[in-house]
Amino acid sequence: MKISKIILYDEPTVPQIQLKKLEKFISETFPIKVETRENFFQDLNESDYKEIANTRIFDLKKSFQIHNPTVDEINIENQNKDMSNKEEMTLYDGFELLKTISRIITTDEKALHIIFTNKLTCTFDENDFRYHARVLIGSNPVIISTTGAVEAPAKPKQYYLDLMTDFNKERIDEIKKKYKGEFLEYDDSRLSEVIEGYLLQAIMYYETGDAFCEHKKCRLFNAHWQKDLFFSQIENKKLCNKHQKIIKELTNQV
Ligand SMILES: [Zn+2]
């Protein structure tokens, strides 16, 4: 394998990630040393926080333009507040954020750096001229957005239709209750298992240049629906034959 070491950076506001469990999962799957570190976004310089705040996006239908952040916006980055409880979500341009992260990681450590964050990372799609939420960004370093795992794969169509027909708070809570369990929520205990799949995708992408599989019965399946995400990562929880073989070859188990 190209990598011999992976460094996982925690997102302390999302304990459901269960970093130690993920560390175990990787070392059981690959002959790779795993190190866990604290939140990547803590104890940075003021200028780093400003640069991160620069990558915020406000208009989903316009490609990236550098944002001039307010002092408050810079401070939010500094305190790394829990954004999952906020009604309004902050969006970031995933590739711009990745550039900043790459610049900050200056060590020549030969490792794959995987950064967990609750920031919602989005990428601009030139085909439909709008931003889309994404879970995985980059190759090394890689961002895995836990908010992305909740927000990027779509919820059942009927859920959106139900929401559209009613806007009052009470009714919205009722609708959320009705669909409970059908999609990931912020405090979901299944998040760690779902993230295992994204970790596999990140590692495979770095090793082979190919992250995804077209088969739902494979943990490398790129789920666009929450329902498929649950199927691939929780119900089925296996790799397809082809990818089992590729991983065996990568790890010299053949
Ligand atoms: Zn596969």
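The values are calculated or read from the model by the stated rules, or taken from the named source; none is laboratory data. Model, not experiment: these values are computed from the prediction. Using ideal geometry, Cβ is built from the backbone for each residue, glycine included, and neighbour counts are taken over all protein chains shown.
Can you list the helices (runs of 4 or more DSSP H) lying wholly within segment 10-95 that have 1 or more residues being modelled with pLDDT of 95 or more and either of a type in the set (Phe, Trp, Tyr) or more than 20 Å from the chain's Cα centre (by Cα) (or both)?
On the way: elements: 19-29, 46-54, 71-79.
Fully inside segment 10-95 and qualifying: 19-29, 46-54.
Just one of Tyr186, Tyr179, Tyr205 is within 16 Å of the ligand (Cβ to nearest atom) and of a type in the set (Phe, Trp, Tyr); which is it?
Values: Tyr186 fails: within 16 Å of the ligand (Cβ to nearest atom); Tyr179 fails: within 16 Å of the ligand (Cβ to nearest atom).
Criteria check complete, one pass: Tyr205.
Scan segment 231-254 for residues that are in contact (Cβ under 8 Å) with a residue 24 or more places away in the chain and either near the ligand (Cβ under 10 Å from one of its atoms) or not in a loop (DSSP other than H, G, I, E, B) (or both) and jot them down.
Ser232, Gln233, Ile234, Leu239, Cys240, Lys242, His243, Ile246, Ile247, Leu250
Which condition breaks for Leu98 when tested against (1) aliphatic (A, V, I, L, M); (2) in contact with a helix residue (DSSP H, G or I) (Cβ under 9 Å, 6 or more places away or on another chain); (3) at pLDDT 95 or above; (4) not in a strand (DSSP E or B)?
(2)
Which one of these does Ser139 not meet: (1) under 16 Å from the mean Cα position of the chain (by Cα); (2) part of a helix (DSSP H, G or I)?
All conditions pass for Ser139, except number (2).
Considering each of Asp162, Asp228 in turn, give the residue that is more than 16 Å from the ligand (Cβ to nearest atom), surrounded by 11 or more Cβ atoms within 10 Å (Cβ to Cβ) and either of a type in the set (Ser, Thr, Tyr) or farther than 20 Å from Leu22 by Cβ (or both). Break it down stepwise before answering.
Numbers: Asp228 fails: more than 16 Å from the ligand (Cβ to nearest atom).
Within the list Asp162, Asp228, the selection yields Asp162.
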